[in-house]
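S.K.: Quick one: structure below, then a few questions.
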Amino acid sequence: MTASLLRPPAQLNSPPHCNPWPLLWPDQRLLLERQHDRLEQQLTTLLQWHHPEGTAWSPEEAAACDHASQLLLRNLKLHLRLEERWLDKWGCLRHGHRLAHRHASETTLEGLLRCGRDRDRRLAWLEALRTWFVAHRDGPDARAYSLAHAASQRASFLPEPAGSQGLCRRPGAR
Ligand SMILES: [Fe+2]
Ligand SMILES: [Fe+2]
C-alpha cells in the first residue's frame with residue numbers, strides 16, 4: 001500500500017449549502033450516477049488494499065483500511081437514502097427496491113463487524129458487496145431511473161399551477 005493510498009477517500013457529497021440539491025430529474029440522476037461511480041471507485045481501492053498477495057499492513061495502514069471501510073458504508077447509506085428520497089418524489093420507488101436497500105444496509109454493517117481486521121474475511125466481504133452493488137445498479141436502479149425519467153418527462157408537460165415557483169411536481173400531485 002503506498003502512502004497516497006492512506007489518504008481517506010473523499011466525501012461523497014459537498015455540504016448542501018455549497019452544492020444545493022437539484023430539483024430536476026436529469027440533475028438528480030447525474031448526482032446519483034456520480035455517487036455510484038465514486039462508490040465503485042472506493043470499492044476498487046479497498047479491494048486493491050486487500051489483495052491476497054499484497055504486503056502486510058502497518059498499524060497505520062490497518063487503521064486507514066478500517067476508516068475507509070466505515071466511510072464506504074456511510075457513503076453507501078447516504079446514497080441509498082438520497083436515491084430513495086428522489087425516486088419516491090417521482091413515484092418510482094417500489095417496495096422491493098426499498099427492502100433491498102434496507103437489507104443491504106443491515107447485512108453490510110453486520111458483515112463488516114463480523115470480519116474485524118481479518119484481511120481474508122474483509123476481502124470476501126468487499127467482493128460480495130461489489131457484486132451486490134453492481135447488480136443492483138444495473139438492475140433495480142436502472143429500471144427505477146428510467147421510470148423516473150419518463151415520470152419527469154410527463155411532469156414537464158403539466159401546466160404550472162397558479163402561484164407555483166416552477167418546481168418539479170410529483171406525477172399525480174395536485
Ligand atoms: Fe443506487
Ligand atoms: Fe437502489
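The values are calculated or read from the model by the stated rules, or taken from the named source; none is laboratory data. Everything quoted here is computed from the prediction, not taken from an experiment. All Cβ positions, glycine included, derive from the backbone under ideal geometry; neighbour counts span all protein chains shown.
S.K.: Just to be sure, is THR107 more than 12 Å from ligand 2 (Cβ to nearest atom), among the β-branched types (Val, Ile, Thr) and surrounded by 14 or more Cβ atoms within 10 Å (Cβ to Cβ)? So that I can check it myself, show each step before the final result.
M.R.: Values: more than 12 Å from ligand 2 (Cβ to nearest atom): yes; among the β-branched types (Val, Ile, Thr): yes; surrounded by 14 or more Cβ atoms within 10 Å (Cβ to Cβ): yes.
Yes; evaluated as a whole, the condition is true for this residue.
S.K.: Condition check: out of contact with any Cys (no Cβ under 8 Å at 6 or more places or on another chain), within 11 Å of ligand 2 (Cβ to nearest atom), part of a loop (DSSP other than H, G, I, E, B) and within 23 Å of TRP25 (Cα to Cα). Does LEU82 satisfy that?
M.R.: Numbers: out of contact with any Cys (no Cβ under 8 Å at 6 or more places or on another chain): yes; within 11 Å of ligand 2 (Cβ to nearest atom): yes; part of a loop (DSSP other than H, G, I, E, B): no; within 23 Å of TRP25 (Cα to Cα): yes.
Judged against the criteria, LEU82 is not a match.
S.K.: Has segment 128-138 got any residue that is at positive phi and more than 11 Å from ligand 1 (Cβ to nearest atom)? Give the derivation first.
M.R.: Residues of segment 128-138 at positive phi: none.
Checking segment 128-138: not a single residue is at positive phi and more than 11 Å from ligand 1 (Cβ to nearest atom).
S.K.: SER4 passes all but one of (1) at pLDDT 85 or above; (2) not in a loop (DSSP other than H, G, I, E, B); which number fails?
M.R.: So SER4 meets the others, but not (1).
Each row is one residue, and each column tells you yes or no for (1) modelled with pLDDT of 95 or more; (2) charged (D, E, K, R).
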| site | (1), (2) |
| --- | --- |
| HIS36 | yes, no |
| GLN41 | yes, no |
| LEU46 | yes, no |
| TRP49 | no, no |
| ALA56 | no, no |
| GLU60 | no, yes |
| LEU71 | yes, no |
| LEU78 | yes, no |
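S.K.: Given the conditions (1) touching a residue at least 40 places away in the same chain (Cβ under 8 Å); (2) closer than 19 Å to LEU31 by Cβ, which single one is not true for LEU129?
M.R.: Checking LEU129 against (1) touching a residue at least 40 places away in the same chain (Cβ under 8 Å); (2) closer than 19 Å to LEU31 by Cβ, the one that fails is (2).
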